[in-house]
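Here's the structure we're looking at; comments come further down.
The values are calculated or read from the model by the stated rules, or taken from the named source; none is laboratory data. Source: prediction; values computed, not measured. Here the Cβ positions follow ideal geometry from the backbone for every residue, glycine too, while neighbour counts run over all protein chains shown. Note: areas computed on protein heavy atoms with side chains; ligands, DNA, RNA excluded. Shrake-Rupley method; radii C 1.70, N 1.55, O 1.52, S 1.80 Å.
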Amino acid sequence: MGVSSSLFQTYYIFLAFLAPILFLLLIKQRKKLVQSKKLPPGPSKLPLIGNLHQLRGLPHRSLQHLSDEQGPLMFLQLGSIPNLVISSADIAREIFKTHDLVFSGRPVLYATKKLTYNLSAVSFAPYGEYWREVRKIVILELLSAKRVQSFQAVRDEEVALMLDSIAVSSGLVNLSELTLLLANNIVCRVAFGKKYDCGEDKSKKRRLHETLRETQELFGGFCIADFFPWMGWLNKFNGFETRLEKNFRELDESFEEVIAEHLDPRRPEPEREDLVDVLIRVQKDSNQAISLGSDHIKGVLSRKKLVQSKKLPPGPSKLPLIGNLHQLRGLPHRSLQHLSDEHGPLMFLQLGSIPTLVISSADIAREIFKTHDLVFSGRPVLYAAKKLSYNLSAVSFAPYVSMVLYCYIHVDMGASSSLFQSYYIFFAFFAPILFLLLNKQRKKLVQSKKLPPGPSKLPLIGNLHQLRGLPHRSLQHLSDEHGPLMFLQLGSIPTLVISSADIAREIFKTHDLVFSGRPVLYAAKKLSYNLSAVSFAPYGEYWREVRKIVILELLSAKRVQSFQAVRDEEVALMLDSIAVSSGPVNLSELTLLLTNNIVCRVAFGKKYDSGEDKSKSRFHGILNDTQDLLGGLCIADFFPRMGWWLSKFNGLETRLEKNFRELDEIYDKVIEEHLDLRRPEPEHEDLVDVLLRVQKDSNQAIALSGDHIKGVLTDLLV
């Protein structure tokens, strides 16, 4: 009992330490893999779940929305499954033309594999010999024009029966249910030769109807094993496996009953072959390239996908990672005998990562070695035995051809003690060794990069704790210690700090493309309309074109000079306001109000939303809040992977959405006023007029949208 308790304690401690370490390694490995592969663009993803959280509501609408942002060729990571999303017919045509073999397969989904009899349905079978032959049978025998035409009378009769049912109904009619029942009845008569399990009340839910509806829900529903295949064991606990097995059993019983009826020699000769007759005839045809089994016929009838689990012998439940190792206590052969008494003479165990077949019956062992001698004639390759037998040279350990399943070898008490000692040593030392290896690897990586000097950092937060008070003063203080070129780790963001004009000039002269981009900040991305503002836009074609528009159209010397009268008038108004004031004057607030009024008149053509008390302008308040959001601390800027959900709890997300909504409403109102045909002709163009004129110019290199205009206006105001 003491050994068992100690084992479990060690096991849980091991999992507690190993999980985060493996998680970090996984992220690091994934980053390297993604960087090495030139993948198409795609939205940023979360650890473990990837982009699953972005498939909300109807998946096809979520994919369309993401494609509008990322482009017609997009990469998504759904759980552990990489996905290529194509939303352009031309790109799809080109890909299937040049890479048809690569993309001709179908993904193997958990429920569909089971319900299609291990992918026997032609619509889900993997591309290969079987798929080509079954597709040929379906096209030539089941869905030929002649065959489809032969069932015209069945379709007409079922439609007439449905219309009669509607005509005699005295109340409301559920057309969705009747249409589904119509489709099922037609398919049953065409495939099985009769309407399956129907009573006098045709609108009542039939047993097959319910089974098929459940089948469709299983096909279209969420299954964790489709996105995390290694976590499929969770289906045994969330009820999905039980539900799937029940539905499969009901469907299989229906198919078995239909096939038995068609094989019954007492069955009357049908007027015409139904699809089961055709498949049975093809099954008996010895000239076919493939031999159809009963499961193949059922798979073609189901025309859906399935997972056929391995029919392993019974065995005890196992733990993650160690399997059934914890159940080998004391003398292993006695533990095995005890387990065999519970689970039978043929038992399956998972010892660590080794699948093991345990046989405790001489008759079964004799039968197995008689019929499967080549499979079980090998010996397991044991670590110590391989060394001591000179690389398996001893006849008792030498391999015989190959081995599939590990056969248990009896050991005595000394061996048992050694087994458990090794087991404890493994768990006690593996986690810290892994940690040391990871730390050593990280140090090598840092040394190989030859980073500039910088202060020592803390785990996780890096140097964030050293930015106290005003950040620029903290950076100046650190630069005095570590030099004009300094490296900081701000959260998960590596940062290069330059406090010398000469070094900055040299860097931008030789590495201009590397350092010409801007960091994507959480609030700035939202408030600049997904980085449409020229001051926040990433370096590229869009930034170059918008910068050209700003320089030539909005901030040219002629344009700036044309608004001289506006600036003079607003300065005069401010001075008059100060002159008539009888008390203290807040010059900071008046100066900010002056700037806002000048910018509003230059950009919008008028002072926007100003009343008698100009210092309390609503627009003034919105701009103040915008500046606070852009200049404030946001955890998502330093921890992009976890910041998005933390911002929902600390109030930043709500505040940001409110400010963006208010700013957007003002922009919409201003643009609407400028587009109003009844608006008087202005004395000279304001900046919104200029941007709307540029938007209509078909000769521009880029097409400006409404959000682009709003992004440029944010630049001017903030």
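Kindly list the number of the only condition in (1) under 30 Å from Leu234 (Cα atoms); (2) surrounded by 14 or more Cβ atoms within 10 Å (Cβ to Cβ); (3) touching a residue at least 24 places away in the same chain (Cβ under 8 Å) that fails for Gly71. For Gly71, the exception is condition (1). In region 140-171, the residue that is nearest to Leu212 (Cα to Cα) out of those that are open to solvent by 80 Å² or more (accessible area, probe 1.4 Å) and under 43 Å from the mean Cα position of the chain (by Cα) is Leu143. Applying the selection to region 537-558, what residues are open to solvent by 30 Å² or more (accessible area, probe 1.4 Å) and touching a residue at least 24 places away in the same chain (Cβ under 8 Å)? Within region 537-558, Tyr539, Glu541, Tyr542, Glu553 meet the criteria. Summed over region 476-492, residues that are within 30 Å of Pro47 (Cβ to Cβ) and among the hydrophobic types (A, V, I, L, M, F, W, C) total 4.
Residue-wise test of (1) within 26 Å of Val108 (Cβ to Cβ); (2) assigned to a loop (DSSP other than H, G, I, E, B); (3) aromatic (Phe, Trp, Tyr); (4) modelled with pLDDT under 75.
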{"position": "Asp226", "(1), (2), (3), (4)": "yes, no, no, no"}
{"position": "Ala260", "(1), (2), (3), (4)": "no, no, no, no"}
{"position": "Glu269", "(1), (2), (3), (4)": "no, yes, no, no"}
{"position": "Lys310", "(1), (2), (3), (4)": "yes, yes, no, yes"}
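Among the residues making up region 274-308, those that are open to solvent by less than 50 Å² (accessible area, probe 1.4 Å), modelled with pLDDT of 65 or more, in a loop (DSSP other than H, G, I, E, B) and of a type in the set (A, V, I, L, M) are Ile290, Leu292. Residues in region 666-709 that are assigned to a helix (DSSP H, G or I), more than 17 Å from Ile551 (Cα to Cα) and out of contact with any Gly (no Cβ under 9 Å at 6 or more places or on another chain): Ile666, Lys669, Glu672, Leu675, Lys696, Gly706, Asp707.
If you take the residues of region 326-368 that are polar (S, T, N, Q) and over 45 Å from the mean Cα position of the chain (by Cα), which of them is least open to solvent (accessible area, probe 1.4 Å)? Give the derivation first.
Narrowing region 326-368 to residues polar (S, T, N, Q): 327, 335, 337, 340, 350, 353, 356, 360-361.
Those left that are additionally over 45 Å from the mean Cα position of the chain (by Cα): 337, 360-361.
On the way: Gln337: 94, Ser360: 60, Ser361: 30 Å².
The qualifying residue least open to solvent (accessible area, probe 1.4 Å) is Ser361.
Counting only residues that are closer than 20 Å to Ile635 by Cβ and open to solvent by less than 100 Å² (accessible area, probe 1.4 Å), how many does region 458-482 have? Counting residues in region 458-482 that are closer than 20 Å to Ile635 by Cβ and open to solvent by less than 100 Å² (accessible area, probe 1.4 Å) gives 13. Entry remark, region 500-529: residues being over 19 Å from Leu633 (Cα atoms) and open to solvent by 60 Å² or more (accessible area, probe 1.4 Å) number 12 in total. Within region 172-198, restricting attention to residues that are more than 30 Å from Arg281 (Cα to Cα) and open to solvent by less than 50 Å² (accessible area, probe 1.4 Å), the residue that is modelled with the lowest pLDDT is Glu177.
With Glu665, Glu657, Glu672 as the choices, which residue is open to solvent by 20 Å² or more (accessible area, probe 1.4 Å) and more than 35 Å from the chain's Cα centre (by Cα)?
Working: Glu665 fails: more than 35 Å from the chain's Cα centre (by Cα); Glu657 fails: more than 35 Å from the chain's Cα centre (by Cα).
Glu672 is the lone residue from the list that is open to solvent by 20 Å² or more (accessible area, probe 1.4 Å) and more than 35 Å from the chain's Cα centre (by Cα).
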